[in-house]
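These notes are about the structure you will find just below.
The values are calculated or read from the model by the stated rules, or taken from the named source; none is laboratory data. Predicted model, so just to flag it, every value in this text is computed and none were measured. Every residue, glycine as well, gets a Cβ built from its backbone with ideal geometry; the counts of neighbours run over all protein chains shown.
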Amino acid sequence: MNDMPEFATPETQGFWEGCAAGELRLQRCNDCSAWQFPPRAFCQTCRSNALSWEPVTGRGRLASFTEVHRAPLPEMREAVPYLLALVELEEGPMMMSNLVDTDASRLRLGMALEAVFGRPGLKRGPLPLFRLRDGTASEGT
Amino acid sequence: MKARAIIAGVGDTAVGKLEGSSCLALHAEAAAAAVADAGLESKDIDGVLCAYSMTMPHLMLASVFSEHFGITPSFSLAVQAGGATAAIMVMQAAALVEAGLCRNVLVVCGDNRLTGLSRDGAVAALAQVGHPQFEQPFGFSVPAAYALVARAYMAETGATPEHLAAIAVTARRHAGRHPKAQMRAPITIDDVLDSRPIATPLRLLDCCLVSDGGAALVVGRSDMARDLPRRAISVLGTGQMNTHEHLVAAPSLSEFGCKASAAQAFGRAGIGPGDIDVAEIYDSFTVTLLVELESIGFFARGEAGPAALEGALDLGGTLPCNTHGGLLSFGHSGAAGGLFHVVEAVRQLRGDAAERQVPNAELAFVHGDGGILSAHCSLVLGRV
Ligand SMILES: [Zn+2]
């Protein structure tokens, strides 16, 4: 409980509890089995209120990335340049994250990624970050 | 017969670094200019649409403005949809007039973003459009989000940094013909490619300006057109589409709501992209304009960049676009940034655009986009 980001809310608590435990968890509907992200109190697909937190593979593919040279906030200035990415999870949802243990010159869209956990800019609680899986590109673009 | 909506008057302030300017003073100056341009007095205004301010955030900006300006409108509303706001305000004003709820609706925006907030302050404030838990903690910024769109767009279409740069160079060339533009010195493709990286592949000159400034217009009824001091401009078609706010929730990284928004506006006007003489399209970043030009149907997928390199968007090109210089070179002071596009379209259609005039411009297309290609609004304007 105490290793969660200060901004966690009741609707997102399950997500951040997963991160604190080193596991990526997404909301899944008990009635229609749809995954959803970001979390909310109801299933956006069938409007059911019966949702569970389920661990996911943590695997995805690189949908896009940028190397950020200008920090949006003064407290992030020491972190530049950093890699901001969109990751399309195997289960479907898109996540924004940072890429770690790599550099921009190695990256190609479609590369296979996996989640790791760390806290680049937060006082409390790990964030889900991503790194290259085996350093190889998956099929497709 | 049902009244049609016209734009009866337009006004704008100086743009750029305006020491001593304020949100309300810029509103009032632009509003007074637009009311006078329409040949009206402030007491004739019965509807007011305001947007939002970053330097003077307020729960009731439209009420604050009306009190400050000294009017008591029977309809008043503030609109918040980022870069789509100005076009949405015109769409809403036209709907109010056509529904018979108002006779003369004042649309007014202004903010002293540059002197009141600084570029750092503006970047930080704008980052709020990122999701507070699932985007912002990773260092989200608006330029970074558009950079993510740019990377995906370039991978899909083969567009190059030179294609993006051509948009910035064209905007600057247009701005050089506008005496009020904030940045008028010509730039080259190499200047853009050599400017410092902000969020790759976007560089400084791929990004819009931060400015102080204000703009306003009056939407009235077509039956007043013959009494106007200036040529009235018809609102022929309007459209809107809203698909998401946060980029992680966008239905696609290559198709955005501009397509449906523009199709709706063209459909209501009974024309198509090929009929447009001049376009004023939201250009928060070079990539924004490329994506929109193609989605809206002015160019096939991947062809807007090469066309821009060949001068298609310049005066004399197949689609003169952002003839005032756009957000990239004319100026960007919040919601007024989008309203500058509308004001320029009106001046083009009136034949008042001096050395930047598109000859015989009869039909104009205006588009605004808010968030990360999230909220879209399109307008088709024409000579009465
Ligand atoms: Zn469901």
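State the number of residues belonging to segment B:261-277 that are touching a residue at least 40 places away in the same chain (Cβ under 8 Å) and either over 19 Å from B:Met91 (Cα atoms) or out of contact with any Cys (no Cβ under 8 Å at 6 or more places or on another chain) (or both).
11
Which condition breaks for B:Ala260 when tested against (1) surrounded by fewer than 24 Cβ atoms within 10 Å (Cβ to Cβ); (2) assigned to a loop (DSSP other than H, G, I, E, B)?
Of the numbered conditions (1) surrounded by fewer than 24 Cβ atoms within 10 Å (Cβ to Cβ); (2) assigned to a loop (DSSP other than H, G, I, E, B), the odd one out for B:Ala260 is (2).
Could you please find all residues in segment A:25-43 being surrounded by fewer than 18 Cβ atoms within 10 Å (Cβ to Cβ), closer than 26 Å to A:Glu114 by Cβ and near the ligand (Cβ under 8 Å from one of its atoms)?
A:Ser33, A:Ala34
If A:Gly14 satisfies every condition in (1) at the interface with chain B (Cβ under 10 Å from one of its Cβ atoms); (2) in a helix (DSSP H, G or I) but one, which is the exception?
Only one criterion in (1) at the interface with chain B (Cβ under 10 Å from one of its Cβ atoms); (2) in a helix (DSSP H, G or I) is unmet by A:Gly14, namely (1).
Given the criterion among the charged types (D, E, K, R), at pLDDT 95 or above and over 24 Å from the mean Cα position of the chain (by Cα), identify the matching residue among B:Asp223, B:Asp206, B:Asp212, B:Asp194.
Testing whether each residue is among the charged types (D, E, K, R), at pLDDT 95 or above and over 24 Å from the mean Cα position of the chain (by Cα) leaves just B:Asp194.
Only one of (1) without any contact (Cβ under 8 Å) to a residue 40 or more places away in the chain; (2) in contact with a Gly (Cβ under 6 Å, 6 or more places away or on another chain) is not met by A:Val56, so which one is it?
Result: A:Val56 passes all but (2).
Just one of (1) under 30 Å from B:Glu156 (Cβ atoms); (2) within 12 Å of another protein chain (Cβ to nearest Cβ); (3) more than 16 Å from the ligand (Cβ to nearest atom); (4) surrounded by fewer than 21 Cβ atoms within 10 Å (Cβ to Cβ) trips up A:Ser64, so point out which.
Going through (1) under 30 Å from B:Glu156 (Cβ atoms); (2) within 12 Å of another protein chain (Cβ to nearest Cβ); (3) more than 16 Å from the ligand (Cβ to nearest atom); (4) surrounded by fewer than 21 Cβ atoms within 10 Å (Cβ to Cβ) one by one, A:Ser64 breaks only (4).
In segment B:201-238, how many are within 14 Å of chain A (Cβ to nearest Cβ) and in contact with a Lys or Arg (Cβ under 8 Å, 6 or more places away or on another chain)?
Matching residues across segment B:201-238 total 4.
Checking B:Gly116 against (1) at pLDDT 95 or above; (2) over 19 Å from the mean Cα position of the chain (by Cα); (3) closer than 19 Å to B:Ala28 by Cβ: exactly one of these is not met. Which one?
The failed condition is (1).
Those residues that are outside any strand (DSSP E or B), touching a Ser or Thr at 6+ places or on another chain (Cβ under 6 Å) and at pLDDT 95 or above, I need them from segment A:48-101; list them, please.
Answer for segment A:48-101, where residues must be outside any strand (DSSP E or B), touching a Ser or Thr at 6+ places or on another chain (Cβ under 6 Å) and at pLDDT 95 or above: just A:Glu90.
When segment B:68-82 is examined, which residues are found to be in a helix (DSSP H, G or I) and more than 19 Å from B:Gly11 (Cα to Cα)?
Matches in segment B:68-82: B:Gly82 only.
Quickly run through segment A:47-61 and pick out the residues that are within 14 Å of the ligand (Cβ to nearest atom) and exposed (fewer than 13 other Cβ atoms within 10 Å of the Cβ).
Of everything in segment A:47-61, those that are within 14 Å of the ligand (Cβ to nearest atom) and exposed (fewer than 13 other Cβ atoms within 10 Å of the Cβ) turn out to be A:Arg47, A:Asn49, A:Ala50, A:Ser52.
Can you report the number of residues in segment A:17-39 which are part of a loop (DSSP other than H, G, I, E, B) and more than 11 Å from chain B (Cβ to nearest Cβ)?
Counting residues in segment A:17-39 that are part of a loop (DSSP other than H, G, I, E, B) and more than 11 Å from chain B (Cβ to nearest Cβ) gives 9.
Among (1) facing chain B (nearest Cβ under 9 Å); (2) in contact (Cβ under 8 Å) with a residue 24 or more places away in the chain, where does A:Glu90 come up short?
Of everything listed in (1) facing chain B (nearest Cβ under 9 Å); (2) in contact (Cβ under 8 Å) with a residue 24 or more places away in the chain, A:Glu90 misses just condition (1).
Matching residues to (1) among the hydroxyl-bearing types (Ser, Thr, Tyr); (2) closer than 27 Å to B:Leu18 by Cα; (3) assigned to a helix (DSSP H, G or I):
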{"site": "B:Ala84", "(1), (2), (3)": "no, yes, yes"}
{"site": "B:Arg103", "(1), (2), (3)": "no, no, no"}
{"site": "B:Val107", "(1), (2), (3)": "no, yes, no"}
{"site": "B:Asp111", "(1), (2), (3)": "no, yes, no"}
{"site": "B:Ala124", "(1), (2), (3)": "no, yes, yes"}
{"site": "B:Ala127", "(1), (2), (3)": "no, yes, yes"}
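Restricting attention to segment B:153-171, does a residue exist that is within 30 Å of A:Phe15 (Cβ to Cβ) and either within 14 Å of chain A (Cβ to nearest Cβ) or buried (at least 23 other Cβ atoms within 10 Å of the Cβ) (or both)?
Yes, segment B:153-171 has at least one match.
In this structure, does B:Gly70 turn out to be over 25 Å from the mean Cα position of the chain (by Cα) and not hydrophobic (A, V, I, L, M, F, W, C)?
yes
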